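The values are calculated or read from the model by the stated rules, or taken from the named source; none is laboratory data. Here the structure is a predicted model, which is why all the values come from computation and not from measurement. Cβ placement follows ideal geometry from the backbone for every residue including glycine, while neighbour counts extend to all protein chains displayed. When the accessible area is computed, the model is the full protein with side chains, heavy atoms only, and any ligands, DNA or RNA have been set aside. Shrake-Rupley method; radii C 1.70, N 1.55, O 1.52, S 1.80 Å.
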Amino acid sequence: MFFKEVETVKYEGADSDHPYAFKYYNPDERIGGKTMKEHLRFAVSYWHTFDADGSDPFGDGTISRSWNRMTHPLDKAKTRAEAAFEFFEKLGVPYFCFHDVDVVQEGDTLRETFFYLDKMVSFLKEMMETSGVKLLWNTANMFTHPRFVHGAATSCNADVYAIAAAKVKKGLEIAKELGAENYVFWGGREGYDTLLNTNMKLELDNLAAFYRMAVDYANEIGFDGQFLIEPKPKEPTKHQYDFDAATSIAFLETYGLKKHFKLNLEANHATLAGHTFEHELRVAALHDMLGSIDANQGDLLLGWDTDEFPTDLYGAVLSMYEILKAGGFKAGGINFDAKVRRASFTDEDLFHGHIAGMDTYALGFKVAYQLLENRAIESVIEERYESYTKGIGLDIAEGKTDLKKLAAYALENDRIENKSGRQEMLKAMVNRYLLNALRSEPARKEKH
Ligand code: XLS
Ligand code: CA
Ligand code: CA
């Protein structure tokens, strides 16, 4: 046993003072015909939770996990997997996510890497079967190893492109074997730093061909999970090709790939792109491209990808609102692509981070559900655009007009009356929903 301090985390309600209990996430509570567990589809990310050691560009690791101390790669990987499944089960999450290198380190050769991976996949498969924990998505890490210095599917070096292809081929076989519900592409180093050394057209063509080959291979082996592209504007490269939802959708459309993909949107990537998370979710939903989310948050004062556990209730309401408005998750879910701060180095901090994130999203979900059910926002928006439901507005909406007709109309109707956008009133309304949800379950001081 690795987490001796923590028993199975249960729902106790907002009144609970138990540090390892859910205050808002009640997995079995039924809302709108589904349980909260089914709505939210929480997943733990392997890399931040079981691999990360707290190192940053200025300092060495501050976290030494007992499960990462074995020397042989496979012994270490198996011990880590045991810790991971103990964690999943105690937390009661239905899913997890991983990159190939998260579950076992690379070998000296690609052949050795694949040998290790095969061993670990059988090991994980057994643990998944006994625990019932499922794979939300897996992916191939094509950014950490020095060979990916110029990118993977956008590298200037064709040999690197081939290695990336081999890793994705393996990743899809793993996805099929473990029944992954999605397969993710995050273009870690798919971008560039300067046009002085970059053939952008060739890189984009190559990237599209790479995705095409992945789609073909998935069909060939019968992997029917959902392909997801994860946008991010920058970091590590200066210009990432999958900048944001709109850019990624336009890229997929241009290359005729759109129908094979949806997006995995990350909150912190949205803010790095200068968007709100809800903006990214809305753009994706408009194109029927909302697949899954990486829940986390950045820091207002830091301009990089801090991957903090989401604790911002207001943000969780607005993002869950978009997700529910779009019809909720299908193959996707809420993956905590979030890490504890390097000063939070105990194993128990991993529970605190996840419990905080799960409660935040659970409350966000409940409030968003009420807002939608009461049509609190929808009715205001409908009223705001009412002018398009009759007269000249209806003609515009139905494409029944032209500049000449509009000009003739305008000449007779140039005394404009606009109505208030009532932003402050609406924000106060969202606050009221949130505060009411909190008030019905009053908070008490936690014991530590
Ligand atoms: C990094 C990304 C990465 C993807 C999976 O910023 O968030 O972790 O989610 O490769
Ligand atoms: Ca992510
Ligand atoms: Ca991130």
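If you check ASN418, ASN431, which single one turns out to be in a loop (DSSP other than H, G, I, E, B), out of contact with any Gly (no Cβ under 8 Å at 6 or more places or on another chain) and open to solvent by 40 Å² or more (accessible area, probe 1.4 Å)? If you could, list the steps in order and put the result at the bottom.
On the way: ASN431 fails: in a loop (DSSP other than H, G, I, E, B).
So the residue among ASN418, ASN431 that is in a loop (DSSP other than H, G, I, E, B), out of contact with any Gly (no Cβ under 8 Å at 6 or more places or on another chain) and open to solvent by 40 Å² or more (accessible area, probe 1.4 Å) is ASN418.
Scanning for something part of a loop (DSSP other than H, G, I, E, B), aliphatic (A, V, I, L, M), in contact with a Leu (Cβ under 7 Å, 6 or more places away or on another chain) and free of Cβ contacts under 8 Å to residues at least 40 places away in the same chain, does the range 69-77 turn up at least one residue?
Taking the range 69-77 as the starting set, the residues that turn out to be part of a loop (DSSP other than H, G, I, E, B) are 69-72.
Now restrict to residues that are aliphatic (A, V, I, L, M): 70.
Pick out the ones that are also in contact with a Leu (Cβ under 7 Å, 6 or more places away or on another chain) and you get none.
No; the residues of the range 69-77 include none that is part of a loop (DSSP other than H, G, I, E, B), aliphatic (A, V, I, L, M), in contact with a Leu (Cβ under 7 Å, 6 or more places away or on another chain) and free of Cβ contacts under 8 Å to residues at least 40 places away in the same chain.
If ASP288 meets every condition in (1) among the acidic types (Asp, Glu); (2) more than 16 Å from ligand 3 (Cβ to nearest atom); (3) at negative phi apart from one, which number is that one?
For ASP288, the exception is condition (3).
For the range 239-259: of the residues being open to solvent by 20 Å² or more (accessible area, probe 1.4 Å) and in contact with a Gly (Cβ under 7 Å, 6 or more places away or on another chain), which is farthest from ligand 2 (Cβ to nearest atom)?
That would be HIS239.
Output the residues belonging to the range 32-68 that are outside any helix (DSSP H, G or I) and open to solvent by 50 Å² or more (accessible area, probe 1.4 Å). Show your work before the answer.
At the first step, the residues of the range 32-68 found to be outside any helix (DSSP H, G or I) are 32-35, 41-45, 52-65.
Listed by number, the residues that qualify are GLY32, GLY33, LYS34, ASP53, SER55, ASP56, PRO57, PHE58, ASP60, THR62, SER64.
Just give me the residues in the range 179-207 being buried (at least 16 other Cβ atoms within 10 Å of the Cβ), more than 12 Å from ligand 1 (Cβ to nearest atom) and over 17 Å from THR154 (Cα atoms), in sequence order.
ALA180, GLU181
Considering only residues that are hydrophobic (A, V, I, L, M, F, W, C) and away from ligand 2 (no atom under 16 Å from the Cβ), look in the range 136-151 and name the one that is surrounded by the fewest Cβ atoms within 10 Å (Cβ to Cβ). Before the answer, list the steps.
So in the range 136-151, the residues hydrophobic (A, V, I, L, M, F, W, C) come out as 136-137, 140, 142-143, 148-149.
Restricting the remaining residues to those that are away from ligand 2 (no atom under 16 Å from the Cβ) gives 148-149.
Details: PHE148: 20, VAL149: 12.
Here the residue is VAL149.
Answer with yes or no whether GLU126 is of a type outside the set (Ser, Thr, Tyr), open to solvent by 30 Å² or more (accessible area, probe 1.4 Å) and within 16 Å of ligand 1 (Cβ to nearest atom). Show your work before the answer.
Details: of a type outside the set (Ser, Thr, Tyr): yes; open to solvent by 30 Å² or more (accessible area, probe 1.4 Å): yes; within 16 Å of ligand 1 (Cβ to nearest atom): no.
Taking the combined requirement at face value, the residue does not satisfy it.
Looking at the range 3-26, can you tell me whether even one residue there is surrounded by 18 or more Cβ atoms within 10 Å (Cβ to Cβ) and part of a helix (DSSP H, G or I)?
Checking the range 3-26: not a single residue is surrounded by 18 or more Cβ atoms within 10 Å (Cβ to Cβ) and part of a helix (DSSP H, G or I).
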